[in-house]
Amino acid sequence: MDFNAGDWYHTPTTQYADLTGLAGLAEVPLVATAVSSSQNGTDHATVTLQNSSTRVAFFVRLKLPSGAGGKEVLPIFWSDNLVALLPGETRTLGVSYAHADLKGAAPAVEVSGWNVTPQTLTGF
């Protein structure tokens, strides 16, 4: 950062980080499970992610479509998203959404990430 060339609202960047090493991350399969409940027209789901590998799972993203392969349900409220899981780490994330936004489809959760084997959870 070039703090001497900055002002109260902007500080120029003199150099960017070299993130090319991320392209070499080995693929990581995650164990993912989901359970759901409904109350007063709002659905809630809990998604548990487990990284049983010896590698970091980077930039893990969860998406809730209206049915497998459907459009993403929006608005939606995740407790966290775009997370990293260290080797052996387990993390549980929650989500809330309006049941009507599923438009009659069954909920699904798509799990993906920078170096994560994609999967879709259904039937929860």
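Nothing in this text is a laboratory measurement; each read-out follows from the coordinates by a stated rule. Quick caveat, the model's predicted, so the values are computed rather than measured. Glycine gets a Cβ as well: all are built from the backbone with ideal geometry, and neighbour counts include every protein chain shown.
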Could you give me the ³J(HN,Hα) list for the range 59-65, computed from phi with Karplus coefficients 6.51, -1.76, 1.60 and θ = phi - 60°, whole Hz, x at Gly and Pro?
6, 6, 10, 10, 9, 10, x
Picking from N81, N51, N40, which is most flexible by a Gaussian network model of the chain using Cα springs under 10 Å?
N40
Placing each pseudo-label 7 Å from Cα in the direction of the beta carbon, D2 and Y16 end up separated by a distance in nanometres of 1.6
On each of the three principal axes of the Cα atoms of the range 1-53, give max minus min coordinate, whole Å, ordered largest first.
54, 37, 12
Among Q15, Q50, Q39: highest mean-square fluctuation, GNM of the chain, C-alpha pairs under 10 Å
Q15
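Restricting to DSSP loop positions (anything but H, G, I, E, B) with no more than 14 other Cβ atoms inside 10 Å of their own Cβ, which GluC sites (Glu not before Pro) remain in the range 65-124?
Numbers: sites: E72, E89, E110; in loops: E89.
Loop-located and lightly packed - E89.
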With springs only between Cα atoms under 10 Å, which of P107, P75, P29 fluctuates most in a Gaussian network model of the chain?
P75
If amide H atoms are modeled at 1.01 Å from N in the peptide plane, then the residues at a separation of 5 or more from T42, or on another chain, having amide H under 5 Å from its own are H99
Restrict the search to the range 17-124; then list the trypsin sites (Lys or Arg not before Pro) that DSSP places in a loop and that have at most 12 other Cβ atoms within 10 Å of their Cβ.
K71, K103
Amide H within-cut-off set for A84, under 5 Å, with H built and near neighbours excluded:
F59, V60
Considering Cα pairs under 8 angstrom that are at least six residues apart, work out the relative contact order of the range 27-122 and quote it in whole percent.
36
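Quote the charge dipole size of the chain about the Cα centre in Debye, to the nearest 20; the model charges only the Cβ of Lys and Arg (+1) and of Asp and Glu (-1). Spell out each step's value before the answer.
Numbers: 6 positive and 10 negative charges, 81 e Å.
The calculation lands at about 380 debye.
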Once phi is turned into ³J(HN,Hα) by the Karplus curve 6.51 cos²θ - 1.76 cosθ + 1.60 with θ = phi - 60°, what whole-Hz value does each residue of the range 81-88 show in order, with x for glycine and proline?
6, 6, 9, 10, 10, 6, x, x
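Between T122 and R61, 0.36 nm times their residue separation minus their Cα-Cα distance comes to what?
Details: separation 61, 0.36 × 61 = 21.96 nm, distance 1.64 nm.
Difference between extended and current length: 20.3 nm.
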For Rg/Rh (Cα atoms, Kirkwood Rh), with candidates (i) 1.24; (ii) 1.12; (iii) 0.96, the value calculated from the shown model is option (ii)
